[in-house]
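Quick notes on the structure that follows.
Laboratory data are not the source of any read-out in this text; all were calculated from the coordinates shown. Here the structure is a predicted model, which is why all the values come from computation and not from measurement. Neighbour counts are summed over all protein chains in view; Cβ atoms, including those assigned to glycine, are modelled from backbone coordinates with ideal geometry.
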Amino acid sequence: MNTKRLFLFAGYDPKGVVDEALVYYVRALSKLGDVVLFMDSDCSAAQLKKLAPYVIWAGARRHGEYDFGSYKRAYEYAAKKKILNQYDFVYLVNDSVYGPMRPLKPIIEKLESRGLDAFGMVKNPNHHAPHIGSWFIGMRPGVFLSPMFDKFMRSITRQPDKGSVAILYEHGFTKMIMSAGFSWGCQKTVFNRGVYNRVKAQFKSNVPFIKKLSFTRHNGSLGRQINYVLRHADAPARNAALKSARRTMGAEYIDWLLRGGKMTMAARFLKYMWKKYKNG
């Protein structure tokens, strides 16, 4: 029997562009299940049309509620259409990453096989609020069909900043399932900012994504790690990621980022640390 999955996808682009990386990710998900997408962007119909072959519905409007606001709108569409009970798993995923850089199917099948009520790609073991990274969360029907989850999703509102969103909704989701006695776990535990800073290690441990923020952290000193992942990634994923990164960050910057060996990266990191020290 085929596993039925629904991916509730949250997208964002400051210029309202549906670019190659987004199309690549959505297309990859469409091979594993159905996709409902909402973008926190003012996208034209022509831009959304690029996604039409791969989604059952896509919408876009600048709402300022970050990824959870888009999850809410995608969820409300699925609830209104009364399709949620058709699925074995529902996922919350967003485009804060490039990828998947290698086949996703065996990775999520392994996650699903663990029998957990909720699960994710990475766990942040935050001392005060351990939680599933909100950019890739999977759930069984016991969670996503529950009144508790419905109330949680519909209660999402605009917050003053991204930190408040993380506390209320990213941390809040895991707190909610823990309080209800649901089981949860992740493929990998990542400490502190490791999901951004240890790019190569994440990829080698079978996390098939690169966080977009990794491209701009630590004065470009992660370039060699990023280069490793790109060299070992599936060619279409690599090409889509590079084309998107060059569009949003500038071709000259990306070429500089990916150039240089260990000594170059060490020098960049030392420069970053010195600047951080001077700025207190």
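Could you tell me whether region 183-254 comes out rounded, prolate or oblate from its Cα gyration tensor? Rule is a ≥ b ≥ c as square roots of the eigenvalues, rounded for a/c under 1.5, then prolate if a/b exceeds b/c, otherwise oblate.
prolate
Residue by residue through region 33-39, which ³J(HN,Hα) values in whole Hz follow from phi under the Karplus form 6.51 cos²θ - 1.76 cosθ + 1.60 (θ = phi - 60°), with glycine and proline marked x?
x, 8, 10, 10, 10, 9, 10
Under 5 Å between amide hydrogens, which residues at least 5 positions from VAL97 or on another chain qualify, with H placed 1.01 Å from N in the peptide plane?
LYS212
Only helical DSSP H runs with n ≥ 4 go in: add -39500 (n - 2.57) per run for the chain, normalise by residue count and round the 222 nm mean residue ellipticity to 500 deg cm²/dmol.
Only helices count here, giving -12500 deg cm²/dmol.
Could you run the Karplus curve 6.51 cos²θ - 1.76 cosθ + 1.60 with θ = phi - 60° over region 68-82 and give me ³J(HN,Hα) per residue in whole Hz, x for Gly and Pro?
Values, residue by residue: 5, x, 6, 4, 4, 5, 5, 5, 4, 4, 5, 5, 4, 7, 6 Hz.
For a quick check: with amide H placed at 1.01 Å from N, whose amide H comes under 5 Å from ASN126's, ignoring anything fewer than 5 positions away on the same chain?
Under 5 Å from the amide H of ASN126 lie the amide H atoms of HIS131, each far enough along the sequence or on another chain.
Please give the residues of region 214-256, grouped as numeric ranges, whose backbone N is less than 14 Å from a label point set 7 Å along the Cα-to-Cβ vector of PHE269.
217-226
Would you please give the residues with an amide H less than 5 Å from that of CYS186, counting only those at least 5 places away or on a separate chain, with H modeled from the backbone geometry?
GLY120
Shape verdict for region 63-189, please, from the Cα gyration tensor: rounded (a/c under 1.5), prolate (a/b greater than b/c) or oblate.
rounded
Test of understanding: what is the full-extension gain from TRP256 to ALA79, defined as 0.36 nm times their sequence separation minus their Cα-Cα distance?
Full-extension gain reported as 59.1 nm.
Where in region 194-276 are there trypsin sites (Lys or Arg not before Pro) that are in a DSSP coil and have at most 13 other Cβ atoms within 10 angstrom of their Cβ?
Listed in order of number, the matching sites are ARG259.
Would the chain count as rounded, prolate or oblate if I go by the C-alpha gyration tensor, calling it rounded below 1.5 in a/c and otherwise prolate when a/b exceeds b/c, oblate otherwise?
In terms of gyration-tensor shape, prolate.
Go through region 256-271 residue by residue and turn each phi into a ³J(HN,Hα) via Karplus (6.51, -1.76, 1.60, θ = phi - 60°); whole Hz please, and just put x for glycine and proline.
5, 4, 8, 9, x, x, 4, 5, 4, 5, 5, 5, 4, 5, 4, 5
For LYS31, give me every one of the lysines with a C-alpha distance below 17 angstrom, ignoring sequence neighbours fewer than eight places off in its own chain.
LYS4, LYS50, LYS105, LYS110
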